[in-house]
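Asker: Before I ask anything, let me first share the structure, which is written out below as C-alpha coordinates.
The values are calculated or read from the model by the stated rules, or taken from the named source; none is laboratory data. On a predicted model such as this, the values are computed, not experimentally measured, just so you know. Neighbour counts run over all protein chains shown; Cβ positions are idealised from the backbone, glycine included. Please note that ligands, DNA and RNA were not included when accessible areas were found on the heavy atoms of the full protein model with its side chains. Shrake-Rupley method; radii C 1.70, N 1.55, O 1.52, S 1.80 Å.
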Amino acid sequence: MEPFGWIAVAAGLAVAYFVTVARRNRFHETMREVSKRLGLTLVEQDRGSARGRYRGFDVDLRVDKKTADDHTTYRLHHRLYAPDQIPTDVLLGSSDGLPRQSTAKVLATMDADFDRHFTVSGHRAEALAMLGASTRRALTARLHDVSLIVAAGALVAVRDDADHDDADTIVRRLDELVELAERLAVPHEEIFDRLMLNALGDPLAAVRAENLNCASAERPGSDALLALCRRALRDTDPRVRRVAATTLEDEGRDELRALAVSSEVPEDVAADALKSYATGANGAELAELLQAVLRSSPHAAAKKEALDIVRAHRAAVPATEIVAALDASSLVPAETVLRALVTIGDGSVTSAIVSRLAAFSPADKVAACRALRVIGTVEAVEALRELTRGVLRDREVAAAADQAIAAIQLRARGEAGRLSVIDGAEAGGLALAEGGALAVAEGQDDP
(Lines give C-alpha, C1' and ligand atoms only; values in the text may rest on other atoms or scores of the structure.)
Protein backbone atom coordinates (compact mmCIF):
# COMPACT_ATOMS: atom_id res chain seq x y z
CA MET A 1 0.00 0.00 0.00
CA GLU A 2 1.23 3.52 -0.78
CA PRO A 3 2.31 5.64 2.22
CA PHE A 4 -0.65 7.97 1.68
CA GLY A 5 -2.96 4.96 1.86
CA TRP A 6 -1.62 3.95 5.28
CA ILE A 7 -1.94 7.53 6.45
CA ALA A 8 -5.60 7.61 5.32
CA VAL A 9 -6.37 4.35 7.17
CA ALA A 10 -4.68 5.59 10.32
CA ALA A 11 -6.54 8.88 10.11
CA GLY A 12 -9.85 7.05 9.70
CA LEU A 13 -9.19 4.85 12.74
CA ALA A 14 -8.21 7.86 14.78
CA VAL A 15 -11.38 9.70 13.87
CA ALA A 16 -13.51 6.66 14.73
CA TYR A 17 -11.73 6.33 18.08
CA PHE A 18 -12.21 9.96 19.02
CA VAL A 19 -15.88 9.84 17.94
CA THR A 20 -16.44 6.77 20.15
CA VAL A 21 -14.63 8.40 23.07
CA ALA A 22 -16.63 11.59 22.62
CA ARG A 23 -19.92 9.60 22.54
CA ARG A 24 -18.91 7.65 25.66
CA ASN A 25 -17.97 10.81 27.54
CA ARG A 26 -21.16 12.57 26.50
CA PHE A 27 -23.29 9.60 27.65
CA HIS A 28 -21.32 9.44 30.89
CA GLU A 29 -22.18 13.09 31.52
CA THR A 30 -25.83 12.36 30.69
CA MET A 31 -25.92 9.56 33.28
CA ARG A 32 -24.24 11.87 35.79
CA GLU A 33 -27.06 14.37 35.26
CA VAL A 34 -29.70 11.60 35.52
CA SER A 35 -28.28 10.27 38.80
CA LYS A 36 -28.16 13.79 40.24
CA ARG A 37 -31.78 14.55 39.34
CA LEU A 38 -33.07 11.21 40.64
CA GLY A 39 -30.98 11.13 43.78
CA LEU A 40 -29.10 8.00 42.68
CA THR A 41 -25.46 7.10 43.23
CA LEU A 42 -23.28 7.15 40.12
CA VAL A 43 -20.98 4.15 39.78
CA GLU A 44 -18.01 5.77 38.02
CA GLN A 45 -16.09 2.56 37.35
CA ASP A 46 -19.11 0.92 35.71
CA ARG A 47 -19.41 3.14 32.59
CA GLY A 48 -21.69 5.61 34.34
CA SER A 49 -24.23 3.19 35.85
CA ALA A 50 -26.36 4.49 38.73
CA ARG A 51 -28.10 2.87 41.69
CA GLY A 52 -30.37 3.91 44.54
CA ARG A 53 -33.91 4.19 45.86
CA TYR A 54 -36.53 5.98 43.76
CA ARG A 55 -40.31 6.22 44.30
CA GLY A 56 -40.46 3.10 46.46
CA PHE A 57 -38.29 0.90 44.23
CA ASP A 58 -34.67 -0.17 44.33
CA VAL A 59 -33.43 1.20 41.00
CA ASP A 60 -30.37 0.04 39.09
CA LEU A 61 -29.50 1.82 35.84
CA ARG A 62 -26.74 -0.28 34.32
CA VAL A 63 -24.88 0.63 31.15
CA ASP A 64 -23.11 -1.84 28.87
CA LYS A 65 -21.43 -1.48 25.52
CA LYS A 66 -22.80 -3.13 22.40
CA THR A 67 -20.62 -3.53 19.30
CA ALA A 68 -21.90 -4.74 15.95
CA ASP A 69 -20.39 -4.27 12.49
CA ASP A 70 -17.61 -2.12 13.97
CA HIS A 71 -20.24 0.24 15.36
CA THR A 72 -20.39 0.79 19.13
CA THR A 73 -23.48 1.92 21.02
CA TYR A 74 -24.49 1.85 24.66
CA ARG A 75 -27.39 -0.14 26.08
CA LEU A 76 -29.19 0.96 29.24
CA HIS A 77 -30.78 -1.61 31.58
CA HIS A 78 -33.49 -0.17 33.84
CA ARG A 79 -34.09 -2.51 36.78
CA LEU A 80 -36.82 -1.75 39.32
CA TYR A 81 -36.80 -4.20 42.21
CA ALA A 82 -39.65 -4.61 44.73
CA PRO A 83 -40.17 -8.27 45.72
CA ASP A 84 -42.76 -7.25 48.30
CA GLN A 85 -44.90 -5.76 45.49
CA ILE A 86 -44.07 -7.34 42.11
CA PRO A 87 -44.90 -11.10 42.12
CA THR A 88 -41.77 -13.23 42.47
CA ASP A 89 -43.25 -16.43 41.02
CA VAL A 90 -44.07 -15.02 37.58
CA LEU A 91 -41.76 -14.81 34.59
CA LEU A 92 -42.89 -12.47 31.83
CA GLY A 93 -40.93 -11.27 28.86
CA SER A 94 -41.42 -9.60 25.50
CA SER A 95 -40.55 -11.82 22.55
CA ASP A 96 -37.24 -9.99 22.08
CA GLY A 97 -36.43 -9.85 25.77
CA LEU A 98 -37.04 -13.27 27.34
CA PRO A 99 -34.04 -15.62 27.31
CA ARG A 100 -34.39 -18.35 24.69
CA GLN A 101 -33.29 -21.02 27.15
CA SER A 102 -36.33 -20.53 29.36
CA THR A 103 -38.16 -23.88 29.61
CA ALA A 104 -40.94 -22.94 32.05
CA LYS A 105 -44.48 -23.91 31.09
CA VAL A 106 -46.09 -21.09 29.13
CA LEU A 107 -49.36 -19.64 30.43
CA ALA A 108 -51.96 -18.07 28.15
CA THR A 109 -53.74 -14.94 29.32
CA MET A 110 -56.30 -15.63 26.53
CA ASP A 111 -55.63 -12.15 25.11
CA ALA A 112 -54.37 -13.21 21.68
CA ASP A 113 -52.64 -9.92 20.90
CA PHE A 114 -50.84 -9.79 24.24
CA ASP A 115 -49.87 -13.48 24.11
CA ARG A 116 -48.38 -12.91 20.67
CA HIS A 117 -46.01 -10.23 22.04
CA PHE A 118 -45.26 -11.66 25.50
CA THR A 119 -44.43 -15.02 27.03
CA VAL A 120 -45.78 -15.68 30.54
CA SER A 121 -44.97 -18.54 32.89
CA GLY A 122 -44.99 -19.31 36.60
CA HIS A 123 -47.79 -19.08 39.17
CA ARG A 124 -51.04 -18.94 37.21
CA ALA A 125 -53.15 -17.00 39.72
CA GLU A 126 -50.45 -14.36 40.30
CA ALA A 127 -49.90 -13.94 36.56
CA LEU A 128 -53.59 -13.52 35.70
CA ALA A 129 -54.21 -11.23 38.67
CA MET A 130 -51.25 -9.07 37.66
CA LEU A 131 -52.23 -8.84 33.98
CA GLY A 132 -55.51 -6.97 33.96
CA ALA A 133 -56.59 -5.19 30.79
CA SER A 134 -54.96 -1.83 31.62
CA THR A 135 -51.67 -3.53 32.58
CA ARG A 136 -51.60 -5.55 29.37
CA ARG A 137 -52.15 -2.37 27.36
CA ALA A 138 -49.42 -0.53 29.29
CA LEU A 139 -46.92 -3.34 28.75
CA THR A 140 -47.66 -3.54 25.04
CA ALA A 141 -47.36 0.25 24.69
CA ARG A 142 -43.76 0.16 26.00
CA LEU A 143 -42.55 -2.22 23.30
CA HIS A 144 -41.82 0.57 20.83
CA ASP A 145 -38.61 1.54 22.63
CA VAL A 146 -37.63 -1.15 25.19
CA SER A 147 -37.50 -4.90 25.69
CA LEU A 148 -39.25 -6.00 28.88
CA ILE A 149 -38.78 -8.76 31.44
CA VAL A 150 -40.61 -9.29 34.73
CA ALA A 151 -38.85 -11.85 36.93
CA ALA A 152 -37.96 -12.47 40.59
CA GLY A 153 -39.84 -9.43 41.84
CA ALA A 154 -38.27 -7.01 39.38
CA LEU A 155 -39.18 -5.16 36.20
CA VAL A 156 -36.29 -4.93 33.75
CA ALA A 157 -36.43 -2.75 30.62
CA VAL A 158 -33.56 -2.71 28.13
CA ARG A 159 -33.05 0.27 25.81
CA ASP A 160 -30.69 -0.08 22.85
CA ASP A 161 -28.81 2.96 21.51
CA ALA A 162 -29.40 4.72 24.81
CA ASP A 163 -26.42 7.04 24.18
CA HIS A 164 -28.70 8.96 21.79
CA ASP A 165 -31.05 9.84 24.68
CA ASP A 166 -30.68 12.98 26.76
CA ALA A 167 -31.22 13.20 30.51
CA ASP A 168 -34.85 14.36 30.17
CA THR A 169 -35.70 11.32 28.02
CA ILE A 170 -34.09 8.85 30.43
CA VAL A 171 -35.79 10.41 33.48
CA ARG A 172 -39.19 10.44 31.73
CA ARG A 173 -38.81 6.80 30.68
CA LEU A 174 -37.88 5.77 34.21
CA ASP A 175 -40.98 7.53 35.59
CA GLU A 176 -43.13 5.68 33.05
CA LEU A 177 -41.50 2.37 34.03
CA VAL A 178 -42.16 3.10 37.71
CA GLU A 179 -45.85 3.60 36.87
CA LEU A 180 -45.80 0.30 34.98
CA ALA A 181 -44.13 -1.47 37.92
CA GLU A 182 -46.83 -0.07 40.22
CA ARG A 183 -49.44 -1.65 37.94
CA LEU A 184 -47.64 -4.99 38.20
CA ALA A 185 -47.60 -4.85 41.99
CA VAL A 186 -50.07 -7.38 43.43
CA PRO A 187 -49.80 -8.16 47.16
CA HIS A 188 -50.51 -11.84 47.75
CA GLU A 189 -53.62 -11.12 49.82
CA GLU A 190 -55.14 -9.21 46.87
CA ILE A 191 -54.74 -11.94 44.24
CA PHE A 192 -58.28 -13.29 44.57
CA ASP A 193 -59.80 -9.80 44.49
CA ARG A 194 -57.88 -9.00 41.31
CA LEU A 195 -59.07 -12.24 39.71
CA MET A 196 -62.66 -11.31 40.57
CA LEU A 197 -62.26 -7.86 39.02
CA ASN A 198 -60.80 -9.35 35.85
CA ALA A 199 -63.52 -12.02 35.68
CA LEU A 200 -66.26 -9.41 35.81
CA GLY A 201 -64.73 -6.47 33.98
CA ASP A 202 -62.17 -7.48 31.38
CA PRO A 203 -63.29 -6.46 27.89
CA LEU A 204 -62.28 -9.87 26.46
CA ALA A 205 -64.68 -12.74 27.22
CA ALA A 206 -61.93 -15.38 26.98
CA VAL A 207 -59.90 -13.50 29.60
CA ARG A 208 -62.96 -13.20 31.87
CA ALA A 209 -63.55 -16.94 31.62
CA GLU A 210 -59.90 -17.77 32.33
CA ASN A 211 -59.81 -15.51 35.41
CA LEU A 212 -63.10 -16.96 36.67
CA ASN A 213 -61.77 -20.48 36.22
CA CYS A 214 -58.61 -19.56 38.11
CA ALA A 215 -60.59 -17.89 40.91
CA SER A 216 -62.62 -21.10 41.24
CA ALA A 217 -59.41 -23.05 41.80
CA GLU A 218 -58.08 -20.50 44.30
CA ARG A 219 -61.02 -20.49 46.72
CA PRO A 220 -63.32 -23.41 45.93
CA GLY A 221 -66.66 -23.26 47.71
CA SER A 222 -66.09 -19.86 49.32
CA ASP A 223 -68.98 -17.42 49.68
CA ALA A 224 -67.07 -14.81 47.68
CA LEU A 225 -66.57 -17.25 44.81
CA LEU A 226 -70.23 -18.33 44.76
CA ALA A 227 -71.35 -14.69 44.71
CA LEU A 228 -68.93 -14.03 41.85
CA CYS A 229 -70.27 -16.98 39.85
CA ARG A 230 -73.89 -15.92 40.35
CA ARG A 231 -73.01 -12.56 38.81
CA ALA A 232 -71.06 -14.26 36.03
CA LEU A 233 -74.14 -16.32 35.11
CA ARG A 234 -75.49 -13.06 33.65
CA ASP A 235 -72.44 -12.60 31.41
CA THR A 236 -73.18 -12.15 27.71
CA ASP A 237 -70.60 -14.76 26.71
CA PRO A 238 -71.44 -18.49 26.96
CA ARG A 239 -67.85 -19.45 27.87
CA VAL A 240 -68.04 -17.36 31.03
CA ARG A 241 -71.49 -18.70 31.88
CA ARG A 242 -70.27 -22.27 31.39
CA VAL A 243 -67.43 -21.78 33.90
CA ALA A 244 -69.77 -20.08 36.38
CA ALA A 245 -72.44 -22.78 36.05
CA THR A 246 -69.89 -25.58 36.48
CA THR A 247 -68.57 -23.96 39.66
CA LEU A 248 -72.08 -23.46 41.06
CA GLU A 249 -72.84 -27.20 40.59
CA ASP A 250 -76.58 -27.70 41.40
CA GLU A 251 -77.31 -23.98 41.09
CA GLY A 252 -75.84 -23.97 37.63
CA ARG A 253 -77.41 -27.15 36.30
CA ASP A 254 -80.16 -25.41 34.34
CA GLU A 255 -77.60 -23.20 32.60
CA LEU A 256 -75.42 -26.19 31.74
CA ARG A 257 -78.39 -27.99 30.26
CA ALA A 258 -79.33 -24.97 28.16
CA LEU A 259 -75.75 -24.59 26.87
CA ALA A 260 -75.46 -28.29 26.04
CA VAL A 261 -78.44 -28.28 23.67
CA SER A 262 -78.00 -24.76 22.26
CA SER A 263 -77.17 -24.24 18.61
CA GLU A 264 -76.09 -20.66 19.35
CA VAL A 265 -72.92 -21.43 21.34
CA PRO A 266 -69.51 -22.67 20.12
CA GLU A 267 -69.37 -26.45 19.92
CA ASP A 268 -66.61 -26.78 22.52
CA VAL A 269 -68.79 -24.85 25.00
CA ALA A 270 -71.74 -27.18 24.34
CA ALA A 271 -69.53 -30.25 24.78
CA ASP A 272 -67.92 -28.93 27.98
CA ALA A 273 -71.33 -27.99 29.40
CA LEU A 274 -72.61 -31.52 28.74
CA LYS A 275 -69.54 -33.04 30.37
CA SER A 276 -69.99 -30.83 33.45
CA TYR A 277 -73.70 -31.66 33.64
CA ALA A 278 -72.95 -35.39 33.63
CA THR A 279 -71.01 -35.03 36.89
CA GLY A 280 -73.50 -35.60 39.68
CA ALA A 281 -76.58 -35.87 37.45
CA ASN A 282 -79.10 -38.58 38.23
CA GLY A 283 -79.57 -41.31 35.65
CA ALA A 284 -82.97 -40.29 34.27
CA GLU A 285 -82.07 -36.60 33.87
CA LEU A 286 -78.77 -37.45 32.22
CA ALA A 287 -80.33 -39.94 29.81
CA GLU A 288 -82.95 -37.37 28.82
CA LEU A 289 -80.30 -34.72 28.07
CA LEU A 290 -78.11 -37.17 26.16
CA GLN A 291 -81.05 -38.10 23.97
CA ALA A 292 -81.78 -34.42 23.30
CA VAL A 293 -78.18 -33.77 22.28
CA LEU A 294 -78.00 -36.85 20.06
CA ARG A 295 -81.30 -36.01 18.45
CA SER A 296 -80.97 -32.28 17.80
CA SER A 297 -77.54 -30.79 18.51
CA PRO A 298 -75.77 -29.43 15.41
CA HIS A 299 -72.39 -29.79 17.12
CA ALA A 300 -70.17 -32.79 16.39
CA ALA A 301 -68.20 -32.25 19.61
CA ALA A 302 -71.38 -32.32 21.71
CA LYS A 303 -72.65 -35.50 20.05
CA LYS A 304 -69.28 -37.19 20.53
CA GLU A 305 -69.25 -36.12 24.18
CA ALA A 306 -72.75 -37.56 24.60
CA LEU A 307 -71.62 -40.93 23.22
CA ASP A 308 -68.51 -40.89 25.42
CA ILE A 309 -70.75 -40.24 28.43
CA VAL A 310 -72.98 -43.17 27.41
CA ARG A 311 -69.91 -45.40 27.52
CA ALA A 312 -68.47 -43.94 30.74
CA HIS A 313 -71.73 -43.74 32.73
CA ARG A 314 -73.61 -46.58 31.02
CA ALA A 315 -76.49 -44.14 30.71
CA ALA A 316 -79.84 -45.69 29.87
CA VAL A 317 -80.18 -44.19 26.40
CA PRO A 318 -82.30 -46.22 23.96
CA ALA A 319 -80.14 -47.97 21.39
CA THR A 320 -82.31 -46.56 18.62
CA GLU A 321 -81.25 -43.02 19.61
CA ILE A 322 -77.62 -44.02 19.36
CA VAL A 323 -78.07 -45.77 16.02
CA ALA A 324 -79.60 -42.59 14.63
CA ALA A 325 -76.22 -40.94 15.10
CA LEU A 326 -74.85 -43.23 12.39
CA ASP A 327 -76.86 -41.21 9.90
CA ALA A 328 -74.88 -38.18 10.96
CA SER A 329 -71.53 -39.81 10.28
CA SER A 330 -70.25 -36.55 8.88
CA LEU A 331 -70.58 -35.16 12.40
CA VAL A 332 -69.69 -38.16 14.55
CA PRO A 333 -67.25 -40.94 13.58
CA ALA A 334 -69.13 -44.19 13.09
CA GLU A 335 -66.60 -45.96 15.33
CA THR A 336 -67.62 -43.71 18.27
CA VAL A 337 -71.28 -44.58 17.74
CA LEU A 338 -70.57 -48.31 17.44
CA ARG A 339 -68.54 -48.36 20.64
CA ALA A 340 -71.42 -46.73 22.49
CA LEU A 341 -73.76 -49.41 21.12
CA VAL A 342 -71.46 -52.10 22.48
CA THR A 343 -71.74 -50.48 25.92
CA ILE A 344 -75.54 -50.55 25.71
CA GLY A 345 -75.35 -54.23 24.69
CA ASP A 346 -78.65 -54.21 22.81
CA GLY A 347 -78.70 -56.70 19.94
CA SER A 348 -81.99 -55.33 18.64
CA VAL A 349 -80.04 -52.81 16.55
CA THR A 350 -78.30 -55.51 14.54
CA SER A 351 -80.43 -54.88 11.44
CA ALA A 352 -79.75 -51.13 11.64
CA ILE A 353 -75.99 -51.75 11.63
CA VAL A 354 -76.20 -54.35 8.87
CA SER A 355 -78.23 -52.03 6.63
CA ARG A 356 -75.42 -49.46 6.79
CA LEU A 357 -72.48 -51.82 6.27
CA ALA A 358 -72.17 -51.22 2.55
CA ALA A 359 -71.85 -47.45 2.99
CA PHE A 360 -69.13 -47.68 5.63
CA SER A 361 -65.46 -47.04 4.94
CA PRO A 362 -63.13 -50.03 5.49
CA ALA A 363 -62.17 -48.69 8.93
CA ASP A 364 -65.82 -48.27 9.90
CA LYS A 365 -66.62 -51.74 8.57
CA VAL A 366 -63.99 -53.13 10.92
CA ALA A 367 -65.58 -51.18 13.79
CA ALA A 368 -69.02 -52.48 12.80
CA CYS A 369 -67.74 -56.07 12.76
CA ARG A 370 -66.26 -55.61 16.21
CA ALA A 371 -69.56 -54.24 17.48
CA LEU A 372 -71.50 -57.13 15.95
CA ARG A 373 -69.01 -59.53 17.46
CA VAL A 374 -70.27 -58.35 20.87
CA ILE A 375 -73.95 -57.58 20.31
CA GLY A 376 -74.81 -59.02 16.87
CA THR A 377 -77.52 -61.61 16.30
CA VAL A 378 -77.79 -64.31 13.64
CA GLU A 379 -79.44 -61.93 11.20
CA ALA A 380 -76.01 -60.28 10.73
CA VAL A 381 -74.24 -63.46 9.59
CA GLU A 382 -75.14 -63.37 5.91
CA ALA A 383 -74.04 -59.73 5.54
CA LEU A 384 -70.83 -60.50 7.41
CA ARG A 385 -70.10 -63.43 5.11
CA GLU A 386 -70.32 -61.06 2.14
CA LEU A 387 -67.41 -59.11 3.62
CA THR A 388 -65.21 -62.21 3.51
CA ARG A 389 -65.77 -62.95 -0.19
CA GLY A 390 -64.24 -61.71 -3.40
CA VAL A 391 -60.80 -61.16 -4.84
CA LEU A 392 -60.90 -57.47 -3.91
CA ARG A 393 -62.01 -57.99 -0.35
CA ASP A 394 -60.22 -56.00 2.37
CA ARG A 395 -58.24 -58.52 4.41
CA GLU A 396 -58.60 -56.60 7.69
CA VAL A 397 -62.35 -56.27 7.18
CA ALA A 398 -62.62 -59.96 6.23
CA ALA A 399 -60.71 -61.01 9.36
CA ALA A 400 -62.96 -58.86 11.56
CA ALA A 401 -66.06 -60.31 9.88
CA ASP A 402 -64.83 -63.89 10.44
CA GLN A 403 -64.29 -63.12 14.12
CA ALA A 404 -67.78 -61.61 14.39
CA ILE A 405 -69.36 -64.67 12.77
CA ALA A 406 -67.49 -66.99 15.14
CA ALA A 407 -68.63 -64.96 18.18
CA ILE A 408 -72.26 -64.94 17.01
CA GLN A 409 -72.14 -68.71 16.48
CA LEU A 410 -70.71 -69.20 19.94
CA ARG A 411 -73.44 -67.11 21.56
CA ALA A 412 -76.13 -68.88 19.58
CA ARG A 413 -75.09 -72.37 20.61
CA GLY A 414 -77.30 -73.74 23.31
CA GLU A 415 -80.05 -71.12 22.73
CA ALA A 416 -83.40 -71.95 21.24
CA GLY A 417 -83.02 -71.63 17.52
CA ARG A 418 -79.30 -72.37 17.84
CA LEU A 419 -76.95 -71.27 15.03
CA SER A 420 -75.02 -74.20 13.56
CA VAL A 421 -72.98 -75.09 10.50
CA ILE A 422 -74.57 -77.61 8.11
CA ASP A 423 -73.80 -79.09 4.73
CA GLY A 424 -75.85 -78.89 1.61
CA ALA A 425 -77.21 -75.34 1.51
CA GLU A 426 -75.72 -72.49 -0.49
CA ALA A 427 -72.38 -71.46 1.03
CA GLY A 428 -72.74 -68.73 3.64
CA GLY A 429 -76.53 -68.75 3.49
CA LEU A 430 -78.97 -69.05 6.39
CA ALA A 431 -80.89 -72.31 6.52
CA LEU A 432 -82.91 -74.34 8.99
CA ALA A 433 -81.09 -77.06 10.91
CA GLU A 434 -82.71 -79.88 12.80
CA GLY A 435 -85.36 -78.69 15.18
CA GLY A 436 -85.98 -75.48 13.22
CA ALA A 437 -82.75 -73.77 14.28
CA LEU A 438 -81.09 -71.18 12.04
CA ALA A 439 -77.90 -72.42 10.37
CA VAL A 440 -75.05 -71.06 8.24
CA ALA A 441 -74.48 -73.30 5.27
CA GLU A 442 -70.91 -74.52 4.76
CA GLY A 443 -69.30 -74.22 1.35
CA GLN A 444 -66.11 -73.47 -0.56
CA ASP A 445 -64.77 -69.98 0.25
CA ASP A 446 -64.12 -67.64 -2.62
CA PRO A 447 -60.43 -67.05 -3.23
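Asker: Contact list please: Cβ distance under 7 Å, first residue in segment 329-353 and within 19 Å of L387 (Cβ to Cβ), second residue modelled with pLDDT of 85 or more and charged (D, E, K, R), pairs at least six apart or on different chains.
Answerer: Filtered contacts from segment 329-353: A334/D364; E335/D364; T350/E379; S351/E379.
Asker: Got a number for residues in segment 183-192 being touching a residue at least 40 places away in the same chain (Cβ under 8 Å) and acidic (D, E)?
Answerer: Residues that pass the stated criteria total 1.
Asker: Now, a different point. Looking at segment 260-312 only, could you name the residues that are among the hydrophobic types (A, V, I, L, M, F, W, C), under 24 Å from D346 (Cα atoms) and not in a helix (DSSP H, G or I)?
Answerer: Answer for segment 260-312, where residues must be among the hydrophobic types (A, V, I, L, M, F, W, C), under 24 Å from D346 (Cα atoms) and not in a helix (DSSP H, G or I): just A281.
Asker: Is at least one residue of segment 264-287 open to solvent by 40 Å² or more (accessible area, probe 1.4 Å) and within 18 Å of A324 (Cβ to Cβ)?
Answerer: No, every residue in segment 264-287 fails to be open to solvent by 40 Å² or more (accessible area, probe 1.4 Å) and within 18 Å of A324 (Cβ to Cβ).
Asker: Scan segment 325-346 for residues that are open to solvent by 20 Å² or more (accessible area, probe 1.4 Å), small (G, A, S) and part of a helix (DSSP H, G or I) and report the count.
Answerer: Total meeting the criteria: 1.
Asker: Assuming L155 fulfils every condition listed in (1) of a type outside the set (V, I, T); (2) more than 20 Å from the chain's Cα centre (by Cα); (3) assigned to a loop (DSSP other than H, G, I, E, B) apart from one, which condition is it?
Answerer: The failed condition is (3).
Asker: Does A112 qualify as being exposed (fewer than 15 other Cβ atoms within 10 Å of the Cβ), at pLDDT below 90 and among the hydrophobic types (A, V, I, L, M, F, W, C)?
Answerer: no
Asker: What residue, of I149, I170, is surrounded by 15 or more Cβ atoms within 10 Å (Cβ to Cβ) and either among the hydroxyl-bearing types (S, T, Y) or not in a helix (DSSP H, G or I) (or both)?
Answerer: So the residue among I149, I170 that is surrounded by 15 or more Cβ atoms within 10 Å (Cβ to Cβ) and either among the hydroxyl-bearing types (S, T, Y) or not in a helix (DSSP H, G or I) (or both) is I149.
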